[in-house]
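Please read the structure below before turning to the comments.
The values are calculated or read from the model by the stated rules, or taken from the named source; none is laboratory data. No experiment lies behind these values; they were computed from the predicted model shown. Cβ coordinates were reconstructed from backbone atoms using ideal geometry, including for glycine residues, and neighbour counts include every protein chain displayed.
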Amino acid sequence: MTWDVEPLPQSLRLDCLALRAGGTGHGRLLVSELTLHAEPGERWVLLGPNGAGKSTLLMAIAGLIAPDAGSIVLGERSIAGWRSEALARRRAWCPQFWLDPFPVSAWETVACAVLATQPQRDATTVEQLARYWLQCFDAGLLADQDVRTLSGGERQRVALATAFAQGAPLLLLDEPSSHLDWAHQRLLQRLLKQWSADKGTALVAVHDLNLAWALATHALLLDGKGGAVCGPRDSVLTAAAISAAYGVSVRLTDDGDTRWFRVDMETGE
Amino acid sequence: MTLKPPPLMLAVLVAVAGILLAFSVGLLSGSSGWGWPTHDILWLIRLPRVLAAFGTGAALALAGALIQLVTRNPLGDPHVLGVTSGASVGALLAILLLPVGVPFGSEIGAVLGALLSMTLVFSLAWRSMGRGLALSAQPGTVVVLLVGVMVGAASGAVVSFILAVADDFKLRNLVFWLLGDLNGATLWWPAWAAVALSFVLVWPRAHELDWLARGDAWAWTIGVSVARRRRIAILAACLATGAAVATAGSIGFVGLVAPHVVRLTGLRSARQLLPFSALLGGVFLVLADTVARTVVAPTQLPVGVISAAVGVPVFLTLLLRRRA
C-alpha cells in the first residue's frame, strides 16, 4: 500500500498576524505582525519558551481560534472561509492532550480520522488504512489495544498515526516528540521527510533544538512578547536569536549539514 | 488489554433471545403464579404493562448512553440532566393539587415538568453549547452537567416541600411515584414513540458522537458540527427521559448501567452502543417489573426497588471481575 492519499499542494500564508493568549481580545499579546509563507514540501518547526504561543498559533492555523488581527490563508481561501468538512481534508491538527473517556481500540481511534475525511470508503478499507498507519508509526501490534492502557509514548504514536491518516496535506503537530524515545523520534523524522517529499507541509512545535534542526527545513522562533523570527532553519536557529528568545546562553557547532546546540546548564553539585 | 468486539450476529441473537425471554416471562407470570392468562388479562393488563416497561427501560438506557457520550462522562445518566427531577415535580404537583380521578393528571404533569426543566437546562447551557468548542481537551460540556445538577437539586427541594405538606392519603401515591412504579402505567406507547423519535434524531450521524468523545476541538478539526451534534443528542436524551418518567415515575439505575454493561461486552461504537443499550434497558426493566409484581404478590413492589436491588450487585460484579 502507498500513502494512498495524494496531498493537494497548497500554500499557507500568514499576513500581519496578531494573536493573544486564549484567543480573546484581552489576553497577553503572543504574536504581533507575523508574516510567514509556507510552501508545499516545507517542514517548519515552531520554537519558543513555555507559553510563548506555539499551541495558540497552531490552533489559529487549524481554524479553532480567530486571530486578533491579520489573516491566515490556506490554499485559495482564508481559514475562516472554509467549511469544517473541507478544512478537515486540508489540514490535520494533532493536539498535545487527548481525552479517552471510554474504552476504544487504537485502530478505531485512527479510523475516526480516515472515515471523517474519506466517508466513501467501505469499513474494511478504513480498517486496513488505520492499521497501515499504525504500522508506519511502529504501533501495528497495539492496534487492538485499548488506548487507555497505552503508555505515553505509545499513545503519542497513535495520535500521530491519526493525524497522518487524516490525509490532509498540512500537518499541525503540537509537540509530537513528547514521550517519544530516540528511535521513534527518528521514525517521526523519516515520516515527516517522506510527507514533505510528497508535497505535504508540516508545522511542528518542539522544544529540543537538536531535534528541531533535524526535522526542519524552516523555523519560526517566538519570544512570547510579540516578537518572532522566521525563515530557513540556518538563518533562524542562531545563537543570538535563541538566547534572546529563551534567555539562556547557547553554543552552536556546525558539523557539515548538522548544527549542534548546547544550552549552558549549571554543572557540579 | 486488547479489545475485540463480539460478532454482531451473536449480539443480535442474544438480544432477540433476551427480548423473547423477557416478554414470555412478563406475560406468563402473574400474581397467582405461572400460567397462560385469560384473554382479557393478557391483552388489557399484562401486555400493555410489559410494553410500557420495555419502552421505559429502553428510553432510560438510550438517554443514559447519549448523555454519557455527549458529556464524556461515564457517570452520565438521565438524572444528571435534571429532567427526571423536573418531571417528578410536575407529576407530584399534579397529584397534590388535582382532585382524585382526573385522567392522566400525573402523566401530563410529568411531561410538563420534564419540558420545563429541559427548557431551563437548555436555555441556561445554550451559550456554552452554542459556542461549542472547548479548546483544551477538558470536557466542554461541564456547564450542561452542572446546570442539570443544579436544576435537579432545585427540583429535589420542591419535591421535599411537596412531601412535607401532602396529606397521608396522597403521600403514599407520591412516594410510589418517586420510587418508580409501573403499576400506574396506563399508556405504553408514549415511551416507544419517544425512543423511536430519539433514534430518528441521532441515528444519521451517530458515529460522530464517538468522535465527539475525543474532545470538541479535535472533533471539529475532522469536520464534525460539534455544537449541532451535541444539541440534537441532548434534545433526544431529554425526550426519552421525559417520556420514561411520565410513564413510570423516577426509575434510577437503568440509564447509568445499561450502557456500561453493553460496553463491557465489547459493543462500544455509538451505532452499536445506542440500540443495544436500549434493548438491554427494555429487557431488564420488563424482568425487574415482573419480579416486582410477583415476588410478594398480591402486594406490588415499586419496580425501582427491584431494579436497584438486582442491578447494582450485577453491575458491580461485572465491573470488578473485569478489572481484576
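Quick rundown of the values:
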item: Test: residue in region B:99-118 that is touching a helix residue (DSSP H, G or I) at 6+ places or on another chain (Cβ under 6 Å), outside any helix (DSSP H, G or I) and at pLDDT below 80; result: no
item: Number of positions in region B:33-75 that are in contact with a helix residue (DSSP H, G or I) (Cβ under 9 Å, 6 or more places away or on another chain) and either hydroxyl-bearing (Ser, Thr, Tyr) or closer than 30 Å to B:Glu208 by Cβ (or both); result: 22
item: Selection count, region B:221-255, where residues are aliphatic (A, V, I, L, M), within 14 Å of chain A (Cβ to nearest Cβ) and in a helix (DSSP H, G or I); result: 2
item: Odd one out for A:Arg251 among (1) farther than 28 Å from A:Pro40 by Cα; (2) surrounded by 14 or more Cβ atoms within 10 Å (Cβ to Cβ); result: (2)
item: Residue in region A:128-144 that is on the phi < 0 side of the Ramachandran plot, part of a helix (DSSP H, G or I) and within 11 Å of chain B (Cβ to nearest Cβ) present; result: yes
item: Index of the failed condition, A:Ala66 passing every other in (1) outside any helix (DSSP H, G or I); (2) of a type in the set (Gly, Ala, Ser); (3) modelled with pLDDT of 90 or more; result: (3)
item: Selected residue (criterion: farthest from A:Arg148 (Cα to Cα)) from residues of region A:72-116 that are at the interface with chain B (Cβ under 7 Å from one of its Cβ atoms) and hydroxyl-bearing (Ser, Thr, Tyr); result: A:Ser84
item: Pairs with Cβ under 7 Å, 6+ apart, first in region A:95-112 and over 17 Å from A:Pro176 (Cβ atoms), second among the small types (Gly, Ala, Ser); result: A:Leu99/B:Ala137; A:Leu99/B:Gly215; A:Pro101/B:Ala213; A:Phe102/B:Ala213; A:Ser105/A:Ala143; A:Trp107/A:Ala130; A:Trp107/A:Ala143; A:Ala111/A:Ala130
item: Residue among B:Ala288, B:Ala292, B:Ala246 that is modelled with pLDDT of 90 or more and either more than 17 Å from the chain's Cα centre (by Cα) or not aromatic (Phe, Trp, Tyr) (or both); result: B:Ala288
item: Residue within region B:206-220 that is surrounded by fewer than 24 Cβ atoms within 10 Å (Cβ to Cβ), away from every other protein chain (no Cβ under 11 Å), modelled with pLDDT of 90 or more and closer than 19 Å to B:Ser277 by Cβ present; result: yes
item: Subset of region A:37-73 (residues that are crowded, with 21+ Cβ neighbours inside 10 Å and of a type in the set (D, E, K, R)); result: A:Arg43, A:Lys54
item: Search result, residues across region A:102-129 that are surrounded by 24 or more Cβ atoms within 10 Å (Cβ to Cβ) and within 16 Å of A:Leu191 (Cβ to Cβ); result: A:Val110, A:Ala113
item: Residue pairs meeting the criteria (Cβ under 9 Å; at least 6 apart or on separate chains; first in contact (Cβ under 8 Å) with a residue 40 or more places away in the chain and within 16 Å of A:Val31 (Cα to Cα), in region A:236-253; second in a loop (DSSP other than H, G, I, E, B) and among the charged types (D, E, K, R)); result: A:Ala245/A:Asp223; A:Tyr246/A:Asp223
item: Hey, B:Val16 in a helix (DSSP H, G or I), closer than 26 Å to B:Val262 by Cβ, of a type in the set (Val, Ile, Thr) and at pLDDT 90 or above or not; result: yes
item: Members of region A:13-36 that are assigned to a strand (DSSP E or B) and surrounded by fewer than 19 Cβ atoms within 10 Å (Cβ to Cβ); result: A:Arg13, A:Asp15, A:Cys16, A:Ala18, A:Leu29, A:Ser32, A:Glu33, A:Thr35
item: Close pairs from region B:202-213: first over 18 Å from A:Ser84 (Cβ atoms), partner surrounded by fewer than 22 Cβ atoms within 10 Å (Cβ to Cβ), Cβ under 7 Å, at least 6 apart; result: B:Val202/B:Ile232; B:Ala206/B:Arg271
item: Unique match (being out of contact with any Pro (no Cβ under 6 Å at 6 or more places or on another chain), in contact (Cβ under 8 Å) with a residue 12 or more places away in the chain, surrounded by fewer than 24 Cβ atoms within 10 Å (Cβ to Cβ) and more than 14 Å from chain A (Cβ to nearest Cβ)) among B:Val14, B:Val25, B:Val102; result: B:Val25
item: In region B:251-273, the residues that are under 12 Å from the mean Cα position of the chain (by Cα) and either surrounded by 23 or more Cβ atoms within 10 Å (Cβ to Cβ) or within 21 Å of A:Phe102 (Cβ to Cβ) (or both); result: B:Ile251, B:Phe253, B:Val254, B:Gly255, B:Leu256, B:Val257, B:Ala258, B:Pro259
item: Selected residue (criterion: nearest to B:Pro190 (Cα to Cα)) from residues of region B:28-50 that are among the charged types (D, E, K, R) and surrounded by 11 or more Cβ atoms within 10 Å (Cβ to Cβ); result: B:Arg49
item: Candidates B:Ala58, B:Ala87, B:Ala63 - the one that is assigned to a helix (DSSP H, G or I), farther than 25 Å from B:Leu146 by Cβ and away from chain A (no Cβ under 14 Å); result: B:Ala58
item: Pairs, first at the interface with chain B (Cβ under 9 Å from one of its Cβ atoms) in region A:53-70, second of a type in the set (Phe, Trp, Tyr), C-beta under 9 Å, six or more apart; result: A:Met59/A:Trp93; A:Ala62/A:Trp93; A:Ala62/B:Trp220; A:Gly63/A:Trp82; A:Gly63/A:Trp93; A:Gly63/B:Trp220; A:Leu64/A:Trp93; A:Leu64/B:Trp220
item: Test for B:Ala59: is it of a type outside the set (Phe, Trp, Tyr) and closer than 30 Å to B:Ala154 by Cβ; result: yes
item: Selection within region B:212-244 - touching a Phe, Trp or Tyr at 6+ places or on another chain (Cβ under 8 Å) and among the aromatic types (Phe, Trp, Tyr); result: B:Trp218
